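The values are calculated or read from the model by the stated rules, or taken from the named source; none is laboratory data. Here the structure is a predicted model, which means the values were calculated and not measured. Here the Cβ positions follow ideal geometry from the backbone for every residue, glycine too, while neighbour counts run over all protein chains shown.
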Amino acid sequence: MTAPTAAASGHRAAAILLAALLVAAAWPSAASAATTVDRIVAQVNRNVITLSELQARMNTLSPPQKAALSGAGDLQRQVLDMMIDEELVNQAAQKIGIQVPEAEVDEAVKSVMDQNKMNADTFRRALASVGTSLPAFRNQVRLEILKNKVVSYSIMSRVVVTEEEVTRYLNGEVPAGAQSAFSTTGVSDFNGVRIIFLPSSPSQAGRVMAAAARIKAEIDAGLPFAEAAKKYSKGPGAEQGGDPGNLVVRDLQPELQALARKLEPGKVSEPLNGGDAVLLITVVEGTPAPAPKSSGRKGRGEEGQSFTVEQRQGARRTLEEMKMRNRYETWIADLRSAAIIRVTL
């Protein structure tokens, strides 16, 4: 297996940005004008996280993101735990000498701009609309590339997917070692996300919410979500049935992933009113394993079933990512157990 390239990291960052533009822009940042009295809230080995840094991260969260995190416990502590994990990844990278040159960040950011068809000015305005800046976004991309490199060095070489596991996965079974990528509702990191976007404003909220409720009722009555998106959505991906660009659950910010995982696959969410927009969201039903085909180059499955070479390759990549996430969770837990972490929140 090869290490993720800067371009691949940029593609993933593009999906994260697109999700932010679709969702976070609908819920304006709740940044507070109050002055924060700074102090240390966590020590991670020799490095510290300050209250001002924690507050800055919290100020970028939308109300739905905050609600998702709060459902798992104290909001501040949930955000702080995410920052602690990020610091552990940074420290692991420093220990093994992994760096991210500015040229790699430049390439990844350019990839984001190209995929979203933005020039430098429109890109900065898009970032500002979700409460962030270009330096902050570059730091996010740098962390994503760094994480990919550390994962490749520390984890990926130990991920093995056998031909038997590929066949079993294509036949509908999730092998051991990949189970943790699935939630109790059956939504995995690799389920697609579809969105119906209805522009709104505080003065129009009642009317737009009512319209969204009618659309949901049509979908619940049998109208396919994709057709509803083509008919009603006013946002990116409308013509593609609400698909803003191969967006999957894992591409969402962690807080939004929690919201997506609460949905039963194939069901539509209740209308989400964010002031500037009302959204209806669904996740694509089923696992990402492709449906068997009878044409193309073949590889044998169980009980005489045939799968194309392309299907087997796609299933292998999916299983590798699922197992890698499983090992990543274990790796982070091991880093935590070996680190000196003091929380003074």
Give the residue that is modelled with the highest pLDDT, with candidates limited to residues of the range 196-254 that are among the acidic types (Asp, Glu) and within 18 Å of the chain's Cα centre (by Cα). Asp243
Can you report the number of residues in the range 156-174 which are at pLDDT below 80 and either at positive phi or surrounded by 17 or more Cβ atoms within 10 Å (Cβ to Cβ) (or both)? 3
Looking at the range 152-165 only, could you name the residues that are free of Cβ contacts under 8 Å to residues at least 40 places away in the same chain and of a type in the set (Ser, Thr, Tyr)? Thr162
So, Arg336, is that one closer than 30 Å to Glu86 by Cβ, basic (Lys, Arg) and at pLDDT 90 or above or not? yes
Go through the residues of the range 42-49 one by one and say whether even a single one is polar (S, T, N, Q), on the phi > 0 side of the Ramachandran plot and either modelled with pLDDT of 90 or more or in a helix (DSSP H, G or I) (or both). yes
Can you find a residue in the range 104-116 that is assigned by TED's automatic domain parsing to the domain that holds Arg46, without any contact (Cβ under 8 Å) to a residue 12 or more places away in the chain and over 23 Å from the mean Cα position of the chain (by Cα)? no
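Let's see how each residue does on (1) under 20 Å from Arg325 (Cα atoms); (2) touching a residue at least 60 places away in the same chain (Cβ under 8 Å); (3) in a helix (DSSP H, G or I):
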| site | (1), (2), (3) |
| --- | --- |
| Gln76 | no, yes, yes |
| Ala136 | no, no, yes |
| Asn139 | no, no, yes |
| Arg142 | yes, no, yes |
| Val150 | yes, yes, yes |
| Thr167 | no, yes, yes |
